[in-house]
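I have placed the structure first, in the form of structure tokens, so that the comments after it can refer back to it.
The values are calculated or read from the model by the stated rules, or taken from the named source; none is laboratory data. Given the structure is predicted, the values throughout are model-derived calculations rather than measurements. Quick reminder, even Gly has a Cβ in these numbers, built from the backbone with ideal geometry, and neighbours come from all protein chains shown.
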Amino acid sequence: MPLIRKGVRVKAKGKPSRKKKASAGDSLPLYQKVKVFVLDGINSGTWPTDSRIPSEAELMKACEVSRMTANRALRELTHGGYLMRRQGVGTFVAARKPRSALLEIKSISEEILERGGTYTSRVLLHCSETASPDLAIAMNLRAQALVFHTVIIHLENDTPVQYEDRYVNPSVAPDYIQQDFSSMTPSQYLLDVAPLTEAEHIIEAVIPDKKCAKLLRMQSKEPCLLVHRRTWTYNVVATKSRLMYPGCRYQIGGRFKPSDGLGLAVA
């Protein structure tokens, strides 16, 4: 029985298209035109990494804007990681960190090892089956389509921390059924073979059924965190999972920042 439900869906932005230089007739705000002017210079190689770009006074003249407008453009480009400003010296092109269009979802084994714990697992189910009508709709599959199904208990220092019930689209990972998930997690395998471009998470606080509570070594009526996750590989639904965590032994957290590479929609 659900107690609390909260959802978030994040989508990795594809390769950005190169902006064209603004013309006088464009409707862009003036500070945006300055930003476009500077970015064009960076993208074209006119101002390579670590090179000094024109000063505010020079940008004022080149773009026919006020000092306040030029300053705002440089501040925003600096905040966005494109520029670095050195007091008394000038403004320089920053070294850009590699940016991936894929979303990062770590394997639980990796999380446990990073905390210094020992990871083990128990594979309870690993089979092919016919998708139920509701599952076929959720995964955008035809009626009675074949899906791969795994159920695994993940343990940290011999204590269960996650119950994973996962369905996989065979068109995305055709060899999934042949893998040995006693030596690696499904997430590890899928992240290697199926590029993750979009993910949806819906989180609930629920009371697990008796079977799941026993597998997770939880007390009767003890709440747990249930994460409903769908992932996409480009426009194809790759997986649909239910991930259950004992509320007394596990936390789920994240920090999100609006940017030009990530959009967030909270339901």
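If I filter region 107-121 for residues that are touching a Leu at 6+ places or on another chain (Cβ under 8 Å), more than 20 Å from Arg230 (Cβ to Cβ) and not small (Gly, Ala, Ser), do I get at least one hit?
Applying the first criterion (touching a Leu at 6+ places or on another chain (Cβ under 8 Å)) to region 107-121 yields 107, 119-121.
Going one step further and asking which of them are more than 20 Å from Arg230 (Cβ to Cβ), we end up with 119-121.
Within this subset, residues satisfying the condition of being not small (Gly, Ala, Ser) are 119-120.
Within region 107-121, one or more residues are touching a Leu at 6+ places or on another chain (Cβ under 8 Å), more than 20 Å from Arg230 (Cβ to Cβ) and not small (Gly, Ala, Ser).
Residues are listed down the side, and each one gets a yes or a no for (1) closer than 20 Å to Val172 by Cβ; (2) in a helix (DSSP H, G or I); (3) touching a residue at least 24 places away in the same chain (Cβ under 8 Å); (4) in contact with a Phe, Trp or Tyr (Cβ under 8 Å, 6 or more places away or on another chain):
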residue	(1), (2), (3), (4)
Ala62	no, yes, yes, yes
Val65	no, no, yes, yes
Leu74	no, yes, yes, no
Ile105	yes, no, yes, no
Leu113	no, yes, no, yes
Leu125	yes, no, yes, no
Gln144	yes, no, no, no
His154	no, no, yes, yes
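Across region 217-232, what is the total count of residues that are part of a loop (DSSP other than H, G, I, E, B) and either over 16 Å from Arg249 (Cβ atoms) or not aliphatic (A, V, I, L, M) (or both)? Write out each step before concluding.
Initial filter on region 217-232 (part of a loop (DSSP other than H, G, I, E, B)): 217-223.
Next, from what is left, pick out any that are either over 16 Å from Arg249 (Cβ atoms) or not aliphatic (A, V, I, L, M) (or both): 217, 219-223.
Final tally of qualifying residues: 6.
Just need a number here: residues in region 205-236 that are within 18 Å of Tyr167 (Cβ to Cβ), at pLDDT 90 or above and not aliphatic (A, V, I, L, M).
6
Could you tell me which of the residues Val151, Val147, Val123 is more than 25 Å from the chain's Cα centre (by Cα), aliphatic (A, V, I, L, M) and at pLDDT 95 or above? Give the derivation first.
Details: Val151 fails: more than 25 Å from the chain's Cα centre (by Cα); Val147 fails: more than 25 Å from the chain's Cα centre (by Cα).
So the residue among Val151, Val147, Val123 that is more than 25 Å from the chain's Cα centre (by Cα), aliphatic (A, V, I, L, M) and at pLDDT 95 or above is Val123.
Among the numbered criteria (1) under 26 Å from Gly117 (Cβ atoms); (2) in contact with a helix residue (DSSP H, G or I) (Cβ under 9 Å, 6 or more places away or on another chain), which one does Ser182 miss?
(2)
Only one of (1) under 22 Å from the mean Cα position of the chain (by Cα); (2) basic (Lys, Arg); (3) farther than 25 Å from Asn235 by Cα fails for Arg166. Which number is that?
Condition (3) is where Arg166 drops out.
Conditions tested, residue by residue: (1) within 15 Å of Arg242 (Cβ to Cβ); (2) among the small types (Gly, Ala, Ser).
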position	(1), (2)
Leu135	yes, no
Asp158	no, no
Val168	yes, no
Ile177	no, no
Ser183	no, yes
Leu191	no, no
Leu196	no, no
Val206	yes, no
Leu215	yes, no
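Can you find a residue that is more than 30 Å from Leu243 (Cβ to Cβ) and at pLDDT 85 or above anywhere in region 10-27? Let's see the steps before the verdict.
Here is the first cut: in region 10-27, the ones more than 30 Å from Leu243 (Cβ to Cβ) are 15-27.
If we keep only those that are at pLDDT 85 or above too, we end up with none.
Scanning region 10-27 turns up no residue that is more than 30 Å from Leu243 (Cβ to Cβ) and at pLDDT 85 or above.
For region 41-67, name all the residues that are surrounded by 12 or more Cβ atoms within 10 Å (Cβ to Cβ) and of a type in the set (A, V, I, L, M, F, W, C).
Ile42, Trp47, Ile53, Leu59, Met60, Ala62, Cys63, Val65, listed by residue number.
Working only within region 166-207, note down all residues that are surrounded by fewer than 18 Cβ atoms within 10 Å (Cβ to Cβ) and hydroxyl-bearing (Ser, Thr, Tyr).
Ser171, Ser182, Ser183
Could you check region 183-216 and list, in sequence order, the residues that are without any contact (Cβ under 8 Å) to a residue 12 or more places away in the chain, part of a loop (DSSP other than H, G, I, E, B) and small (Gly, Ala, Ser)? Don't jump to the end; show me each part of the working.
As a first pass, look at region 183-216 and keep what is without any contact (Cβ under 8 Å) to a residue 12 or more places away in the chain: 183, 192, 209-211, 213-214.
Those still in the list that are part of a loop (DSSP other than H, G, I, E, B) too: 183, 209.
The answer is Ser183, and nothing else.
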